[in-house]
Amino acid sequence: METIPAKKGPPPRAFRGSQESRIHGVINGIGVQMFRLIKPEFTPAGLLDLFVDPKYHHSLTEAFSESEGAGLTQRIYIDLKSSRVRCHLVFSWDYNKVPGGFFMRARYGGVERRALPGPRAGANAVRLEQFNEMKRRLLQASYEWGLMRRVFDELNQPSYCQTPQQMRFVWPPILQLVKRMGDEQLISMLQHESSRAGDRARVPEFIKPFIRPTYDIVTRSIFLTEHEAVDRTIDGIQYTLANPTFIENGFSFQGFTLNLP
């Protein structure tokens, strides 16, 4: 009688199934907390000053004030493209939440394909400084927590880390993520690195430059997220980074992004 070979299971990797999902959840959760610490200081009047020629302020605001009940959503797209990032910053609002808003001209930042290169010349200097600081912090949070997920996903492969202990040896930040999970068994397992596990673990060459930076990211987040998250909206204005992609020495990855209602 012909013997039917036993069906092989998938190759082992450090975290699978619910554990992998929970690690992703922890990374996303911290990313959300970091975004919530970034409070915009922009009212409709502030956005008008930054992005709309003053000669249009009255007509665009007055027309919007007549749209009661229409619930029209308006957006401003700002292109943040540079040598290291491909991204749009998007502010949005509708009449139901922001009755004091304004219509945005489609040809001048009102649609994605006509994104503005940045604030207009002549915008208030203090407001411009606030915008640039918010932009810097949003990009930093997006970069850092997009990188955290990418490094975890790359290491969590059969050819690199087949067990949690192996990942712990090559990537210490996994211990802090597991602590956020609250899995006492995993915490106990990973509390101390194992040299035996390290003999088998490998790290992709393109990930090696990011091992130390991700450790610093996690360490800093522990301190920052101890502070109470602040309300991140002004008069119902929402903002988000649209499809951020970061490029670092030829290595690219998707940034963390979140709608901020």
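So here's what we get for this one:
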item: Cα-based shape type of the stretch 137-259, given that a ≥ b ≥ c are square roots of the gyration tensor eigenvalues and the cut on a/c is 1.5; result: oblate
item: Value of [θ]222 nm, deg cm²/dmol, for the chain, DSSP H segments ≥ 4, -39500 (n - 2.57) each, nearest 500; result: -13500 deg cm²/dmol
item: Span-rule helices in the chain, defined as complete DSSP H runs reaching 24 Å or more along the axis (Cα) with Kyte mean at least -0.5; result: 17-36
item: Global form of the chain, assessed from the alpha-carbon gyration tensor, a/c cut-off 1.5; result: prolate
item: Computed magnitude of the charge dipole of the stretch 17-248 (debye, nearest 20; Cβ of K, R +1, Cβ of D, E -1); result: 640
item: Distance from the stretch 33-65 to the stretch 203-222 (C-alpha centre basis), Å; result: 37
item: The chain: relative contact order in percent, alpha carbon pairs under 8 Å with at least 6 residues between; result: 29
item: Cα-Cα P(r), the stretch 1-120, percent of pairs per 5 Å interval; result: 2, 9, 13, 14, 13, 9, 8, 7, 5, 5, 4, 3, 3, 2, 1, 1, 0, 0
item: Cross-link pairs Lys39/Lys208; Lys179/Lys208; Lys39/Lys97 - those with Cα-Cα distance over 29 Å; result: Lys39/Lys208
item: Kirkwood-based shape ratio for the stretch 147-197, expressed as Rg/Rh from alpha carbons; result: 0.94
item: DSSP bridge pairs, the chain: antiparallel proportion in percent, nearest 5; result: 95
item: Environment charge at Gln19 (Cβ cut-off 11 Å; Lys +1, Arg +1, Asp -1, Glu -1); result: +1
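Throughout, read-outs are computed from the coordinates displayed, never taken from laboratory work. A quick note: this is a predicted structure, and the numbers were derived from the prediction, not measured. Virtual Cβ from ideal backbone geometry, glycine too; neighbours counted across all protein chains shown.
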